[in-house]
Every structure is written in C-alpha cells, then in structure tokens.
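Presented below is the structure to which this report refers.
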Amino acid sequence: MGAPQKILDEVTELEEMIQKILDSVSPLTTVRFFDDTIATVRANALLLDEDSMAWFFGHGFEPYHMSGARAFAKSIVHILQNQGPSVTKESADNIEKDTLLIEDPWDIITDLEEDAPGLDLNSPEFYWECWREKVSRFLAFCVDGYLVPETLSIKSLAEVATKTEDLIGTGAEECNRLIEYFIYLRADGAPFQRDSTLYDKVNSPALMASFTCNERVLAALFETEYLDVYLNEQEPHQMIPFMNNLLSRRNTTIDLLMAVCAHIAVMSAESSYRSELVRAGTVRHLTRLLNTTYQPLLLILAQSLVNLTAENSQAKIEFVKESGGRFASASLGVHNVDLERALCSLLKNIVSQEDLIPSVRDEGAIPVLVKKLEASKVQGVLASEAVQTAAASALWNLCTDAESRDIATSAGAVR
C-alpha cells in the first residue's frame, strides 16, 4: 500500500505544480498558490490585460515600473492642482508622499518606454512599438482609478480636457494630450503618432480601415462629452462616422460596443440627431448587430432603432434591407420584458410603412407576435401588459395586409 500511495502523492504534487504555472498565466485560480517567478516576470514585462493587472497587483505582484507609475500619477495631480480648486482640492504633496514630484509626465513616459526588459537598440522596431503600447495601457490602468481613485480617472481627465471655464494655464491641453496617448489609436502594424491629433487620425480613411486602440479607455470616454467635443470641433464632423466604424469593426469588444450603442441611444432620443444618424448609415450597422445573443446589447440596439425608425422612411428601408425583421423576430423568444417590448415597438414602426409589410411578414414575425398576446402558461404569472400592447400594435399594422391577416388568424390571433 505504501508504494501506490507514494505514487499518488507524487502525481498530486505534479498536478499542483502544473496548476500553479497555469494560474500564473491566467488569474483564474483553482488552487491557492501560483508560481511566483512566472507571475513576477509577466508583471515586469507588462504581459497583462487590465483584469489581470487588477488581480496580480492586488496579490502583491506589481511590476518594478510601478514606481514610475506612481510618479506619473503624482505629476498629473500636480497639473490638476495648478488649475485651481474648481478642478481638484487634492494636493500633489499628499499623493505618494515617498515619491519625488516630476512636473512633466512626458519625461516619465519616455523613461518607461526606454526601459523595456529584454530589448536593446538592435531589437526590431516592431517589438519596441509593442512595448510602448503596453506602457500606455499600463499607465492608463494606473491612472483610471487604481492609484488615486478619489481624484484620478479617465473620466476626470476628460472633464478637465473639455472644461473651458475657471482653468488656469494649460491644464485642458495637457489632459487632452494624455487622453490621446491613453487611447493609443494607431494603424495596425504602424507606430503610434504622438504628434497627430485624435481628430486627424479618425479623419484618415487609411488608418480607419484597420486600426488598434485601447478600447477600455474609449468605452470610458463615450460616457463623457470628450469625443463629441474633439471629434466635432471642425468640419467634417467625425463623431458619427467614428461610431459607425467601431460598430462595423470585426474585433470591437462587447464593452466598447455597449458604450457606443448607449451613446447612440442617447443621441437618437433627440430629433436633431436622428436624421444625421440615419444619413450616415447608422441604422444599417445597428441592424447587423441584432444577431447577437447578448441581451443587454440587444436591448440598447432595439431602443436605438425604435428612435431612429420613428417617422423616418429611409431608416425603415435600411432596417428591412438588412433583414432586421428576421433578427428581431428571432430575438422575441427571450423572456425579458424590456427587450420584448422594444422589439415589438420596433416592428410596429417598420410595418407602419405599408410597402414594407410583406418583407416583415415573410420573415416570420406574425406567429411570434401572436404568441406574445397569449396568457402565461405558468399559473399565477401574468403576461406583461406592456409587451402585449406593443405586440398588438405591431399586428394591427401588419393586418392591414390581407395575407398577413390570414397568417395571424391561422396562428390563433382571434383567440
């Protein structure tokens, strides 16, 4: 019995060692330990995304570049402090007290960019650019609530960058330059152009054809006025084309898609923006995303399309051209009252235009809408009156067509 038990113990020890290595690569621990050496090397090489940074840094594995990041944060607080109490009452003297104040944050950026582990002057430029991008992402993470959460964030910098009153000196300009650095928008395979503005980059068709950026920073900025201000500061306005580009881009993350669509939902609620969004082709891009199964995104998409298709024939036609009726009908099977209501309202808008009824009818919307009129089959659970009302409104418009009436009757609408 002794020998088998020894073999079993050795196998268990080997499994735990392998798991430590794996947990050092992905911070989803199934054991309570991880390989310190691998974790330290990965942290120093900045081979971490933001979620991994939060996890590893929280467990004491901060890169040796963290001292530079602390000096960087202190430098930015110093810039904000010099803009007067309307920006921040925090003093740089109270931030990272053991860290020397370096007034120009770009000096720190340059030092960190030149301190690349494993690279030298003979290393390919591609590797150096990858490192510089990692430095930007690392500093953006540290500034966005990690080091000085009560004062520093991407949103607080954006607020200063768009502030036009009560500022002393060049605080808005400095914050704008830093934000553009944090976004790190560049063409795929090309170096970051620090001297080129965000507007110039977005206004470049060649760059927009294939680009990379820090999407978490962009997602945060969509919750502020920053992009509206800087992308619409000159003609032609680039805010809506940039949003359309992000919607159509294959590898845009779900978080950034949510931020873009939420911004469009807000804009589409104002009549002054609706026609501009429709003319720019935003309906087409939103409709193509309706094939997603992620319900929070579906809801924002549906709400935006409800606003855009209200009394706008071009928007309705664009929706039908992209088989929007099929996508909407397929998503009506979910059990989410807000989403069901929005999708029913969207179909009602579309079929209020008589010549579009056959397209929606032939994409199978009628049986699904009829089903929404039925009482709940679960005892004690009532069907949503709001959903039933929206479905009935859509069916009312559809049934102005004789063939649609026959289909609705066969599906049990009369019952």
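With all protein chains kept in place, the per residue accessible area of region 260-415 amounts to 49 square angstrom at a probe of 1.4 angstrom.
Amide hydrogen proximity for ARG186: with H placed 1.01 Å from N in the peptide plane, the residues at 5 or more positions away or on another chain lying under 5 Å are THR212.
Kirkwood hydrodynamic radius, computed over distinct alpha-carbon pairs, for the chain: how many Å, to one decimal? If you can, show how the numbers build up before the last one.
On the way: mean 1/r = 0.0400 Å⁻¹.
Result for the chain stands at 25.0 Å.
Kirkwood analysis of the Cα pair distances in region 234-287 returns a hydrodynamic radius of 11.4 Å.
To the nearest 0.05, what FRET efficiency results for GLN193 and GLU311 with a Förster distance of 51 Å applied to their C-beta separation? Working shown, then result.
Values: r = 43 Å, r/R0 = 0.85.
After rounding to 0.05, the efficiency reads 0.75.
Order of 102-115, 318-331 by packing, highest average Cβ count within 10 Å first?
Put in order of decreasing packing, that is 318-331, 102-115.
In terms of its C-alpha gyration tensor, region 242-345 has a rounded overall shape, because the principal axis ratio a/c (a ≥ b ≥ c, square roots of the eigenvalues) stays below 1.5.
At 0.36 nm per residue, minus the direct Cα-Cα distance, what do THR400 and ILE254 gain on full extension? Give it in nm, one decimal, please.
Working: separation 146, 0.36 × 146 = 52.56 nm, distance 3.91 nm.
Full-extension gain reported as 48.7 nm.
Across region 393-407, computed HN-Hα scalar couplings (Karplus, 6.51 cos²θ - 1.76 cosθ + 1.60, θ = phi - 60°) run 5, 5, 5, 4, 5, 5, 7, 6, 9, 4, 5, 5, 4, 5, 5 Hz from first to last residue, x flagging Gly and Pro. Computed extension gain for GLU374 through LYS321, at 0.36 nm per residue and net of the alpha carbon distance, reaches 16.1 nm.
In region 119-158, the convex hull through the Cα atoms has an average projected area of 3.4 nm², a quarter of its surface area.
Once fully extended, how much extra length lies between ASP49 and LEU121, figured as 0.36 nm per residue of separation less the alpha-carbon to alpha-carbon distance?
Values: separation 72, 0.36 × 72 = 25.92 nm, distance 2.63 nm.
Working it through step by step, the gained length comes to 23.3 nm.
What's the local net charge at ARG288, with K and R +1, D and E -1, over the other residues with C-beta under 14 Å away? Net charge in that neighbourhood comes out at +3. Could you work out what % of the accessible surface of the chain is carbon and sulfur, using a 1.4 angstrom probe and leaving DNA, RNA and ligands out of the count? So the carbon and sulfur contribution to the accessible surface is 51 percent. For HIS59, the accessible surface of its heavy atoms amounts to roughly 100 Å² (probe 1.4 Å, protein chains only, rounded to the nearest 10).
Listed values for region 249-258 are Karplus-derived 3J(HN,Hα) couplings in whole Hz (6.51 cos²θ - 1.76 cosθ + 1.60, θ = phi - 60°), namely 5, 5, 9, 5, 5, 5, 5, 6, 4, 4, and x replaces Gly and Pro. Which parts of region 128-145 would a label at GLU113 reach, counting a residue when its backbone N lies under 19 Å from a point 7 Å out along Cα-to-Cβ? Taking a point 7 Å out along Cα→Cβ of GLU113, the residues of region 128-145 whose backbone N falls under 19 Å are 128-143. Take the Cβ atoms of ALA386 and THR212, set R0 to 51 Å, and the FRET efficiency comes out at 0.75.
The values are calculated or read from the model by the stated rules, or taken from the named source; none is laboratory data. On a predicted model such as this, the values are computed, not experimentally measured, just so you know. Using ideal geometry, Cβ is built from the backbone for each residue, glycine included, and neighbour counts are taken over all protein chains shown. Keep in mind that these areas ignore ligands, DNA and RNA; they rest on the heavy atoms of the full protein, side chains included. Shrake-Rupley method; radii C 1.70, N 1.55, O 1.52, S 1.80 Å.
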